[in-house]
Amino acid sequence: MTRPPRLALVGQPNCGKSTLFNQVAGYKALTGNFPGTTVTFTSSRVRVAGQVIELVDLPGAYSLAGANPAESVAQDYLLTQNVDAIINVVDASRLERGLDLTLELLELGLPVVLALNMMDEAHRQGITLDQEKLSAALGVPVAALVARKGVGVRELFATAVRACRQPTAPNRARYSRDVEAALAEIAAPLDRRLGLPPRLAAIKLLEGDPKITALARERAPAAVAHAAQFQRALTASRGRPAEVIINSERHTAALNLCEACATVARSRTFDWRDRIDDVLLHPVWGYVALLAILFAFFQFVYGVGTLIEEPTLALFDNVLATLETELRGIPLALELVKGIVAGISGGFAIVLPYLVPFLIGLGLLEDIGYLPRVAFLVDGLMHRLGLHGKAVIPFILGYGCNVPAVMATRILEEPRERVIAATLATMVPCAARLTVVFGLAAFYLGPAYALGIYVLNLIIVALTGAILMRLLPEETPGLILEMPVYRLPTLKTIVAKSYYRVREFVVVAWPILIAGSIALSLLEFLQLDHWVNALFAPVTWLLGLPDAVGTTLIFGVLRKELALVMLRQALNTSNVAAALSAGQMLTFTVFVVFYIPCLATLAALNRELGRNKMLGVAILTTGIALVIAFVVRVGMGLLGG
Amino acid sequence: MTLCEIQQGSQAKIVSIGGGRTAQQQLRELGLFPGDTVRVLRRAAFQGPLLIECRGTQIALGRGVAAKVVVE
């Protein structure tokens, strides 16, 4: 067997698994300071401690129960893939809670290495950990590290690689006598037919874990009945459900371990982070601060973007003028070159100037730990949309790109919430649409128009949410969200993360922009664009837009930026204001912001919600876009735009 | 008395935790068990959540969830 050993990073949400992963694999997994940053697994072959290993970054899970689809990924992966060793990452400043999961992981029968991450934070809180004692008590190797700074990472992997080859003898948590008796009896007839060690299977069955119980119903129905019998007996004798008994006893074991191995030098003091929250979570100032932060963010993107868009557009106009004189004799070549230049200049002049500052700003908000605070502030309002505050995280990510936003709805527990949140998340203007809003509305009409579009969008999203809630009536479960401590973002992470996201645009979207522009050139050259425009004529007529806009709207489904890049080409001018009135520009922008999500988002919706709901979203958003753009057209007409 | 009735800045001891199975499980996973002492750090506006602290972990709990946590 030549397969490199497979090591899985497992731990509770926001303990730094992805940060550790990126330290050895390069920036491949997005990181952020909020629980649920990672919703799917990433794996990479890396060379550490002199050996090639396959390292897998799993989504955070508080336990092996999996309260939401993101957490279930970790459980499923550990039970179905051949993992050679588990690196159990624990936030050292939250040891007692992290050990709950550690004790569960020990039941898997795989080699486990305990990685005590964020040792610096633990020190700051006055916590000292006795690693040797902890290692002896658990029967597994323990390594201390600060993943963010790369401290202790090499040693951790050296330990983990050694652990792969060794048989394990962990000290499992012992439950009280009646629980142990029940576990022994349930486990006895179970071999590995449930795909997990019999004792762990017995624990899960006794806890009533829905997934393992369903599996056992197929493969070992007798065990389910057996477990149910013990559940009743335990509830009768202890007055509490079996799962509560088991969880409590495991928690007590974790607390005892922690008490034996950790010393806290001082009691909780209120520090600068609490002072920040005094303002940012204040019932009045919190909302003022939220609006101020969003407005500053907006100004930053607009300021940087316009500064660069204008001279860059002018530069490419000169290039195009030179090329036009050079290629005057060869019409086909001229058209093709025009298309290529339009695609390239679109990326440089319209997309990147707004995209880069936006992604830097989003990265900062993510890494500081502000997103869960927004969830806290808006939870009360979100309930009126049939959601709770946690759903605001996919929304905010949606401003970057709708695809991860749709995937981020996996952090929500209820299927109904995921449907509503994913639908609304696709209506959030992503960075691609941001370039249309800024590059067209803000650039030609002024920043107030762009701001107005964002506010209008929020209102429409809220209204749609309220309507969807009526259509899918059910009680919204309450918010349960861990609030991470603030962290100072590192320059390295912000740069790496922004680069990672910009690269997505450069390698995936930009070629589409160029190809789309060339396609439009060819259509124009062959005079086929009229046919495409004719197909879209009812829409352009309704919205009072020139026929030539039809093609751009169709191509815009590929990538939303394409609508604007192609608009300049379709109107045969780099100065859109010369060809469109203010009203038309606004109508166009509003339509592009709201209409059918791009192909990549539709694919993500198809994966997460299924085909019918994906089609539903496409129809719904297009309908909304038509209505709103029409209203804007009429409104602007009345105002004389 | 439920957690909802605790004043901002005050502490209380958890007596029992009610609510749906998933919610109960999530609270246990975050380390909230009967017998634990929690402090209510903040209360959000618009009938929003409470921010509580238990063993150094801060958790935002919706009012609905907090109303099912009985404390003394």
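Of all residues in the range B:45-58, count the ones that are open to solvent by less than 10 Å² (accessible area, probe 1.4 Å) and at the interface with another protein chain (Cβ under 7 Å from one of its Cβ atoms).
4
Within the range A:79-112, count every residue that is open to solvent by less than 10 Å² (accessible area, probe 1.4 Å), under 20 Å from residue A:164 (Cβ atoms) and either modelled with pLDDT under 90 or part of a helix (DSSP H, G or I) (or both).
Qualifying residue count, the range A:79-112: 3.
Residues that are modelled with pLDDT of 90 or more, open to solvent by 50 Å² or more (accessible area, probe 1.4 Å) and of a type in the set (Ser, Thr, Tyr), at least 1 per element: which helices (runs of 4 or more DSSP H) completely within the range A:441-558 meet that?
Result: A:447-471, A:491-504.
Residues checked against (1) open to solvent by less than 10 Å² (accessible area, probe 1.4 Å); (2) modelled with pLDDT of 95 or more; (3) over 10 Å from the mean Cα position of the chain (by Cα); (4) within 7 Å of chain A (Cβ to nearest Cβ):
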residue	(1), (2), (3), (4)
B:23	no, no, yes, yes
B:28	no, no, yes, yes
B:34	no, no, yes, no
B:43	no, no, yes, no
B:62	yes, no, no, yes
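So for the range A:67-90 (the condition being touching a helix residue (DSSP H, G or I) at 6+ places or on another chain (Cβ under 8 Å), away from chain B (no Cβ under 13 Å), without any contact (Cβ under 8 Å) to a residue 40 or more places away in the chain and among the acidic types (Asp, Glu)), does at least one residue qualify?
No: the range A:67-90 contains no residue that is touching a helix residue (DSSP H, G or I) at 6+ places or on another chain (Cβ under 8 Å), away from chain B (no Cβ under 13 Å), without any contact (Cβ under 8 Å) to a residue 40 or more places away in the chain and among the acidic types (Asp, Glu).
Taking residue B:69 as the residue in question, decide whether it is more than 20 Å from residue A:277 (Cβ to Cβ), open to solvent by less than 40 Å² (accessible area, probe 1.4 Å), more than 7 Å from chain A (Cβ to nearest Cβ) and in contact (Cβ under 8 Å) with a residue 40 or more places away in the chain.
Yes: the conditions hold for residue B:69.
If you go through the range A:409-426, how many residues are touching a residue at least 60 places away in the same chain (Cβ under 8 Å) and touching a Ser or Thr at 6+ places or on another chain (Cβ under 6 Å)?
Matching residues across the range A:409-426 total 4.
Report, by residue number, each residue of the range A:247-272 that is in contact with a Phe, Trp or Tyr (Cβ under 9 Å, 6 or more places away or on another chain) and more than 10 Å from every other protein chain (Cβ to nearest Cβ).
Correct list: A:249, A:253, A:272.
So which residues in the range A:120-145 are buried (at least 22 other Cβ atoms within 10 Å of the Cβ) and farther than 18 Å from residue A:103 by Cα, if there are any at all?
Those that are buried (at least 22 other Cβ atoms within 10 Å of the Cβ) and farther than 18 Å from residue A:103 by Cα: A:122, A:145.
Quick one: would you say residue A:408 is out of contact with any His (no Cβ under 9 Å at 6 or more places or on another chain) and either away from chain B (no Cβ under 14 Å) or at positive phi (or both)?
It is true that residue A:408 is out of contact with any His (no Cβ under 9 Å at 6 or more places or on another chain) and either away from chain B (no Cβ under 14 Å) or at positive phi (or both).
Of all residues in the range A:486-524 being over 26 Å from residue A:25 (Cα atoms) and among the β-branched types (Val, Ile, Thr), which is nearest to the other protein chains (Cβ to nearest Cβ)?
Checking each candidate, the answer is A:512.
So, in the range A:585-613, exactly how many residues are part of a helix (DSSP H, G or I) and surrounded by 22 or more Cβ atoms within 10 Å (Cβ to Cβ)?
Adding up the residues that qualify gives 13.
Here are A:213, A:235, A:252: which of them is assigned to a helix (DSSP H, G or I) and more than 38 Å from the chain's Cα centre (by Cα)?
Result: A:235 is the single residue among A:213, A:235, A:252 that is assigned to a helix (DSSP H, G or I) and more than 38 Å from the chain's Cα centre (by Cα).
Which is farther than 30 Å from residue A:391 by Cβ and aliphatic (A, V, I, L, M), of A:147, A:85, A:61, A:74?
A:85
Out of curiosity, is residue B:18 more than 21 Å from residue A:267 (Cβ to Cβ), among the small types (Gly, Ala, Ser), open to solvent by less than 40 Å² (accessible area, probe 1.4 Å) and more than 8 Å from every other protein chain (Cβ to nearest Cβ)?
Against the criterion (more than 21 Å from residue A:267 (Cβ to Cβ), among the small types (Gly, Ala, Ser), open to solvent by less than 40 Å² (accessible area, probe 1.4 Å) and more than 8 Å from every other protein chain (Cβ to nearest Cβ)), residue B:18 qualifies.
Identify the residue in the range A:344-384 that is among the β-branched types (Val, Ile, Thr) and within 14 Å of chain B (Cβ to nearest Cβ) and, among all such residues, is nearest to residue A:417 (Cα to Cα).
In this case the residue turns out to be A:378.
Given (1) buried (at least 22 other Cβ atoms within 10 Å of the Cβ); (2) in contact (Cβ under 8 Å) with a residue 40 or more places away in the chain, where does residue A:45 come up short, assuming only one miss?
Going through the list (1) buried (at least 22 other Cβ atoms within 10 Å of the Cβ); (2) in contact (Cβ under 8 Å) with a residue 40 or more places away in the chain, residue A:45 breaks only (1).
If residue A:273 satisfies every condition in (1) more than 30 Å from residue A:142 (Cβ to Cβ); (2) open to solvent by less than 60 Å² (accessible area, probe 1.4 Å); (3) modelled with pLDDT under 95 but one, which is the exception?
(1)
For (1) away from chain B (no Cβ under 14 Å); (2) modelled with pLDDT under 90, each residue gets a yes or a no:
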site	(1), (2)
A:290	no, no
A:296	yes, no
A:306	yes, no
A:312	yes, no
A:316	yes, no
A:328	yes, yes
A:342	yes, yes
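Given the conditions (1) open to solvent by 30 Å² or more (accessible area, probe 1.4 Å); (2) on the phi < 0 side of the Ramachandran plot; (3) not basic (Lys, Arg), and given that residue A:628 satisfies all but one, which numbered condition is not satisfied?
It is condition (1) that residue A:628 fails.
If only one of A:37, A:2 is at pLDDT below 95, part of a loop (DSSP other than H, G, I, E, B) and buried (at least 24 other Cβ atoms within 10 Å of the Cβ), which one is it?
Matching residue, one of A:37, A:2: A:37.
Hey, among A:193, A:162, A:174, which residue is open to solvent by 40 Å² or more (accessible area, probe 1.4 Å) and in a helix (DSSP H, G or I)?
A:162
The values are calculated or read from the model by the stated rules, or taken from the named source; none is laboratory data. If you're wondering where the values come from, they're calculated on a predicted model, not measured in any experiment. For neighbour counting, all protein chains shown are included, and Cβ atoms are generated from backbone atoms with ideal geometry for every residue, glycine included. SASA here: full protein model, heavy atoms, side chains in, ligands and nucleic acids out. Shrake-Rupley method; radii C 1.70, N 1.55, O 1.52, S 1.80 Å.
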